[in-house]
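To keep things clear, I will list the structure first and then write my remarks on it.
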């Protein structure tokens, strides 16, 4: 399936989120988890983090870095974090926190591989599970989404792209209904990540001092590969592709038989455009790759491989249905009503 770009970046439709003008972007080396670690430290100072999330972070931090343990009884997680930040230099704290956040993100990815399948793209089945835990291994944006769910704190990514005045944003949110304001803001330029902080001078030496991540006391992880996870993803991909092709064909047949009109299809697209647009921005590319791997090209009525408007709409909606990114029950009910009206008008 050719990708026209017509629906390639739906999240550009999202209104701009407010950014704290008192904060500035700082370069601390460009690594994703370092940037989030710095932003999290600033977020804690201004907003605090709920005890459950903070306890989860500190438990892992103290396990990896025993020398950072705040050895005082009867302290809340908030108290321990406050003391820790006061007594530890920023460069050390960011480096250690970045390592911890990465491990928590990978825990989430391994627990729910189908939700973060893009992290596994290009990896061999014999790849050790320890590879993704290695700070030297690059991880895609989905890893930060995994982190936001693991620690239940919103992370906003603000993308700066050359020759584009409008910035796009991805907001990864936590699980609870009472979520925190998106104060963790990281600017993204290509493969480099820059946190927004209040005092640039506080982070002047982060990423420049000789801090060894190998000082972490690594938990003894049983040597396993990712073959089981890749097998699970592969099986699910086949189901997704079958569902995608079936629903794409169904919608196009309804157009051909006048059960639906292009106007009604556009109406369905707008009505059911998923709220979390960051989840659907690469759907066209995802299903195109699956079709290529399965050698199942989708027929097109257009010339030169470019999709018609109806095909683009049908492909987008079929992708949402396949990935359960919309309320399918409500969609099918609406579709039935739309098709009934269209059939009546055709007569």
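Give me a count of the residues in the stretch 304-335 that are within 14 Å of residue 288 (Cα to Cα) and either part of a loop (DSSP other than H, G, I, E, B) or not assigned by TED's automatic domain parsing to the domain that holds residue 273 (or both).
Count: 3.
Quick check: anything in the stretch 65-88 more than 30 Å from residue 310 (Cα to Cα), at pLDDT below 85 and within 25 Å of the chain's Cα centre (by Cα)?
no
Give the residue that is nearest to the chain's Cα centre (by Cα), with candidates limited to residues of the stretch 113-141 that are farther than 21 Å from residue 95 by Cα and crowded, with 20+ Cβ neighbours inside 10 Å.
By that ranking, first place goes to 116.
Can we say residue 175 is touching a helix residue (DSSP H, G or I) at 6+ places or on another chain (Cβ under 7 Å), modelled with pLDDT under 60 and more than 16 Å from residue 95 (Cα to Cα)?
So residue 175 fits the description; yes.
Would you pick out the residues in the stretch 108-160 that are under 20 Å from residue 42 (Cβ atoms), out of contact with any strand residue (DSSP E or B) (no Cβ under 9 Å at 6 or more places or on another chain) and assigned to a loop (DSSP other than H, G, I, E, B)?
Scanning the stretch 108-160 gives a single hit, 152.
Exactly one of (1) surrounded by 16 or more Cβ atoms within 10 Å (Cβ to Cβ); (2) modelled with pLDDT of 90 or more is unmet by residue 26. Its number?
Exception for residue 26: condition (2).
Scan the stretch 38-48 and tell me whether some residue there is at positive phi and assigned by TED's automatic domain parsing to the domain that holds residue 187.
Scanning the stretch 38-48 turns up at least one residue that is at positive phi and assigned by TED's automatic domain parsing to the domain that holds residue 187.
State the number of residues belonging to the stretch 186-203 that are over 15 Å from the mean Cα position of the chain (by Cα), in contact (Cβ under 8 Å) with a residue 12 or more places away in the chain and either assigned to a strand (DSSP E or B) or on the phi > 0 side of the Ramachandran plot (or both).
6
The values are calculated or read from the model by the stated rules, or taken from the named source; none is laboratory data. Quick caveat, the model's predicted, so the values are computed rather than measured. Cβ: placed from backbone, ideal geometry, glycine included. Neighbour counts: every protein chain shown.
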